[in-house]
Structure formats: C-alpha cells, structure tokens
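These notes concern the structure reproduced below.
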Amino acid sequence: MADPSETVSSALARLRDVHARMKTELHHVIVGQDRVIDELLIAVLTRGHCLLVGVPGLAKTLLISSLARTMDLSFNRIQFTPDLMPSDITGNELLQIDPETSERRFQFAKGPIFANVILADEINRTPPKTQAALLESMMERQVTIAGERHPLPEPFFVLATQNPIEQEGTYPLPEAQLDRFMFMVHVPYPTVDEEREILRRTTGGDVREPSVVLTGEELIAMQTAVRAMPASDHVLDYALSITRGTRVRSDEPLEFLRDWVTWGAGPRASQFLVLGAKAHAAIAGRSHVAVEDVRAVAHPVLRHRIVTNFSAAAEGMTSDRIIDRLLDEVDPGALVGSGLPGVQSS
C-alpha cells in the first residue's frame with residue numbers, strides 16, 4: 001500500500017508540470033492574460049468556482065471553453081437569458097409511459113448542470129429565480145428535484161462570465177450567490193503588442209486547438225494534494241487578520257475602512273484565502289505556504305465580498321484599492337490571539 005505522504009508529494013510534483021503545460025495549451029488560443037489564466041487554474045485546483053468579469057470581446061468564454069478542452073472532462077455551456085427557467089438548468093421530471101405495460105411514471109431528465117465543467121455565460125442576464133438554481137449545485141454539488149437528491153459528477157466547477165458595463169436586461173448577482181464563487185477575476189484589455197498578435201491570429205487561417213493535458217482522476221488527486229499541504233498558524237492568523245479586519249460591523253475592524261465599507265468578508269473568504277495560497281505555493285514548486293501566497297490571492301478572493309458605500313464611490317475607492325490599502329495596513333507578524341487584526345505602526 002502506497003504511503004499517503006508519497007502520494008501527495010508525487011501529485012504536487014506533477015502539478016507544477018501540468019500547470020505549465022495547461023498554460024502553454026491555452027496560449028495557443030489565448031494571447032496574454034497570464035494573471036487571469038493563473039487565477040482560473042488556482043480555482044480549478046482547489047475545487048473552487050470562478051467568476052470572470054470583463055467587457056465584451058475579451059475572450060472570457062473562449063478561455064473557459066479552451067480550459068475545458070485541456071481536461072478530459074464533460075463540458076456544458078449554458079447561455080443565460082432573461083427567459084431561462086430553473087428547470088432548463090437542473091432538469092425536470094417527465095411523465096414516461098411504458099410501451100409494454102402502459103404504466104405511467106415520472107422519470108428525471110438531467111439538465112445541462114450535470115457535467116464536470118459548466119460555463120455559465122453572462123450569468124447576470126437571467127432573473128434571480130434562475131440564478132438561484134445554481135446555489136445548491138455550487139455548494140452541495142447536488143440537485144434536489146421533487147424531494148430526491150441527484151449528485152453531480154466529480155470534479156465539478158461553475159466557471160461564469162459577466163459583463164460589467166451593461167445595465168439594461170441584467171440582474172446583479174446577490175451577495176449570497178457571489179459568495180459561492182471562490183474568485184472574481186477581472187479580465188483587462190490586452191496590451192498593444194497582445195492586441196496586434198490577436199489580430200494576426202484571428203484574421204489568418206492558422207487556428208490551433210488546445211490538447212488534453214489532464215484527466216479527471218489526476219485532477220482529483222491534485223486537488224486532494226493541495227488541500228493536504230500544511231499551513232502554519234502564522235499563515236492562518238494572517239488570513240484571519242485580513243478577513244476580520246474588513247468587518248466594520250464587528251468590534252475588530254480596521255479604522256480606515258469604517259468610512260468606505262458597509263459589509264465585510266465572511267468566513268468563506270478566510271477559507272478561500274488559505275486554499276488559494278496553498279495552490280499558489282504548489283504552482284511555485286513549494287511544499288509550504290507563505291504569507292506572500294495569501295497576498296497573491298487576496299484581490300480575487302475579497303473584491304466581491306467587500307460591499308462599499310456611497311462615500312467610497314464618491315472618493316473613487318474601489319474594492320481593489322481598498323484591498324491594496326488593507327494589505328499595506330495589516331502586519332504579517334500580527335497574531336489574532338488578541339482578537340484584533342494587526343496594524344502597521346506608523
């Protein structure tokens with residue numbers, strides 16, 4: 001019988017190579033966007049769901065569908081529209097008639113949610129009742145229809161896209177649904193050189209599809225290995241200091257946030273900070289987690305969990321700028337044992 005520690009070590013050793021190969025395959029289709037690809041892969045390696053936010057034409061959908069092609073997993077794309085119903089996602093019970101006995105019975109017909117990788121395209125274009133159809137599947141990884149639970153395949157990811165600029169015909173995701181996403185990833189405009197390369201590739205005749213790099217069994221082994229990585233109390237306390245410092249309605253907030261933040265991050269933020277830090281360390285080839293790994297994933301974990309107020313908007317304080325200030329203020333050497341986040345002394 002194999003030693004569990006050796007199994008974890010071998011999975012972590014392969015993880016870095018797989019990460020590099022997946023990025024290479026994705027760059028056959030996607031130009032640039034290294035940070036976006038890294039954050040998307042970190043979410044996948046930690047069993048997390050990911051929300052990509054960017055203006056139209058930045059290849060968000062293409063990136064997710066290309067990522068699915070690099071893994072030997074089932075893939076479904078769901079185009080969210082205003083007339084989409086919950087049963088169009090989860091499936092429904094249909095009345096079936098046995099041709100021999102004429103017996104009538106209900107049989108569950110699975111919806112497109114029953115796949116390993118789900119592309120929820122333009123998720124904010126469908127009404128809240130349909131958005132809510134994803135809540136159970138994203139958290140419990142199951143669907144309940146007529147009182148019967150139907151487990152979803154493993155591994156399972158919801159990778160969603162959202163357009164931040166159009167308001168007509170859109171329904172903003174509620175905080176409870178946003179909190180299900182491990183990362184909110186901002187997709188920026190390409191640089192001049194990157195956009196020139198995009199033109200060269202997309203207006204010519206040479207189109208290369210990404211190849212399969214990873215099987216489902218290998219991915220599950222890597223996810224298990226990432227979770228098994230040790231994290232010291234020092235790292236855990238740093239993650240807690242960041243998360244608890246955002247809660248202006250508690251007795252532990254960082255003072256500078258009181259004027260800008262209405263609600264802070266919940267416990268899932270701390271969990272995802274640690275899990276994301278573990279994956280970030282594993283990709284870097286390290287078997288231990290450092291404070292720098294937590295800082296590296298702080299923006300995608302926190303930006304959709306910090307609710308700013310009117311004063312922040314008036315002063316141009318976005319959630320990303322608040323996180324920048326937060327990382328400057330919290331002392332990595334501080335402990336949470338006192339019940340208060342550590343703040344840099346001036």
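The values are calculated or read from the model by the stated rules, or taken from the named source; none is laboratory data. This one's a predicted model, so the numbers in the text were calculated from it and none came from an experiment. We place every Cβ from the backbone using ideal geometry, glycine too, and count neighbours over all the protein chains shown.
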List the number of the failed condition for I37; all other conditions in (1) farther than 22 Å from Q162 by Cβ; (2) among the aliphatic types (A, V, I, L, M); (3) at pLDDT 90 or above hold.
(1)
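Sort out for me the helices (runs of 4 or more DSSP H) sitting completely within segment 184-280 that have 3 or more residues that are small (G, A, S). Spell out the reasoning first.
Values: elements: 192-202, 216-228, 233-245.
So the answer is 216-228, 233-245.
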Of the conditions (1) of a type outside the set (D, E); (2) modelled with pLDDT under 90; (3) in contact with a strand residue (DSSP E or B) (Cβ under 6 Å, 6 or more places away or on another chain); (4) not in a strand (DSSP E or B), Q107 satisfies every one except a single condition; which number is it?
(4)
Based on this model, can you work out whether L119 counts as assigned to a strand (DSSP E or B), of a type outside the set (D, E, K, R) and farther than 30 Å from P300 by Cβ?
no
Contacts under 8 angstrom Cβ, first residue in segment 299-323 being farther than 15 Å from F256 by Cα, partner assigned to a strand (DSSP E or B) and aromatic (F, W, Y), 6 or more apart:
P300/F183; V301/F183; H304/F181
Scope segment 56-88; condition under 22 Å from Q177 (Cα atoms), of a type in the set (A, V, I, L, M) and under 18 Å from the mean Cα position of the chain (by Cα); matching residues:
I64, I78
Identify, by number, the condition in (1) out of contact with any Lys or Arg (no Cβ under 6 Å at 6 or more places or on another chain); (2) in a strand (DSSP E or B); (3) at pLDDT 90 or above that H150 doesn't meet.
(3)
Scanning segment 285-317 for residues that are among the charged types (D, E, K, R) and outside any loop (DSSP other than H, G, I, E, B), which turns out nearest to A11 (Cα to Cα)?
D293
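Taking the condition of being of a type in the set (D, E, K, R) and either under 26 Å from L302 (Cα atoms) or at pLDDT 90 or above (or both), how many residues in segment 50-81 meet it?
We begin by selecting, within segment 50-81, every residue of a type in the set (D, E, K, R); these are 60, 69, 72, 77.
The next check asks that each one be either under 26 Å from L302 (Cα atoms) or at pLDDT 90 or above (or both); those that pass are 60, 77.
Number of matching residues: 2.
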Report every pair of residues separated by at least 6 positions or lying on different chains whose Cβ atoms are under 6 Å apart, first residue within segment 1-28 and at negative phi and among the charged types (D, E, K, R), second at pLDDT 75 or above and surrounded by fewer than 17 Cβ atoms within 10 Å (Cβ to Cβ).
R16/G285; E25/S211
Single residue of segment 198-220 satisfying the filter (crowded, with 19+ Cβ neighbours inside 10 Å and among the hydrophobic types (A, V, I, L, M, F, W, C)) that is farthest from E25 (Cα to Cα):
L219
Here is a check on your reading of the model: is V294 surrounded by 23 or more Cβ atoms within 10 Å (Cβ to Cβ) and at pLDDT below 85?
no
